[in-house]
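The values are calculated or read from the model by the stated rules, or taken from the named source; none is laboratory data. Source: prediction; values computed, not measured. Backbone-built Cβ (ideal geometry, glycine too); neighbour counts: all protein chains shown.
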């Protein structure tokens, strides 16, 4: 149990376009979902925390107008990279906590590789 | 702010050798988790330690949580090429949002056959 799925796995887009990445909890209701960015062979950098039905909380230095997060239901959160530029190319990962567990364990998606040309 | 110091950052060893990865902090964590990540995939949870002094074993992997819940270690015995990956420690702060973890920098382990 506790499967988190991300889509798409990889996406290539032109500079200036917007890209949406979905994060779904398949077999549980996610209290909170987290979005991370990761550069090659480096650790995860938390971008924002989102709770269903409320505005996301962004980490310092993360532009909320550039990285739009919507958490419309207990099983779906989306990250939209608006007006993407090559420097936005990265591996984006989401994670979720299970509403039914109190330990705070995180379940990660498979990640989405974004390449902006 | 990097709350968790993970070392070493890179580790390259031969098959059969033993290794230890350390995760240290000046902060107390309510729990600490270890993840392993392969290229192009999301991290996979290996273990969660909650109690100070706790030791957990997962086949050839031994995880220890410090008595003061400020540090942890991961020891791998007789490493195999399949152990290659990025190992991440992450601590949970009782005062933070449930699930908000503070990640270490990661240890990139390469095991050569």
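Give me the residue from the stretch B:1-24 that is in a loop (DSSP other than H, G, I, E, B) and within 14 Å of chain A (Cβ to nearest Cβ) and, out of that set, surrounded by the most Cβ atoms within 10 Å (Cβ to Cβ).
Our first condition is that a residue be in a loop (DSSP other than H, G, I, E, B); within the stretch B:1-24, this holds for B:1-4, B:8-9, B:15-18.
Still in the running and within 14 Å of chain A (Cβ to nearest Cβ): B:1-4, B:8-9.
Working: B:1: 5, B:2: 11, B:3: 13, B:4: 24, B:8: 14, B:9: 14.
Only one residue fits best here, namely B:4.
Can you name the residue in the stretch A:1-21 that is buried (at least 16 other Cβ atoms within 10 Å of the Cβ) and more than 13 Å from chain B (Cβ to nearest Cβ) and is also nearest to residue A:52 (Cα to Cα) among such residues?
Once the filter is applied, the top-ranked residue is A:19.
For the stretch A:40-108, which strands (runs of 3 or more DSSP E) that fit wholly inside it have 1 or more residues that are farther than 27 Å from residue B:4 by Cβ and within 12 Å of the chain's Cα centre (by Cα)?
In the stretch A:40-108, the matching strands (runs of 3 or more DSSP E) lie at A:67-73, A:76-81.
Among the residues of the stretch A:10-31, write down those that are outside any strand (DSSP E or B) and either over 18 Å from residue A:76 (Cβ atoms) or at pLDDT 95 or above (or both).
Within the stretch A:10-31, A:14, A:15, A:16, A:17, A:18 meet the criteria.
Of the numbered conditions (1) surrounded by 15 or more Cβ atoms within 10 Å (Cβ to Cβ); (2) modelled with pLDDT under 90; (3) under 25 Å from residue B:47 (Cα atoms), residue A:71 fails exactly one; give the number of that condition.
In the conditions (1) surrounded by 15 or more Cβ atoms within 10 Å (Cβ to Cβ); (2) modelled with pLDDT under 90; (3) under 25 Å from residue B:47 (Cα atoms), residue A:71 misses (3) alone.
What strands (runs of 3 or more DSSP E), lying completely within the stretch B:27-113, carry at least 3 residues that are within 11 Å of another protein chain (Cβ to nearest Cβ) and free of Cβ contacts under 8 Å to residues at least 40 places away in the same chain? Give the derivation first.
On the way: elements: B:31-37, B:44-49, B:55-58, B:61-65, B:71-76, B:85-92, B:101-103, B:107-112.
Result: B:44-49.
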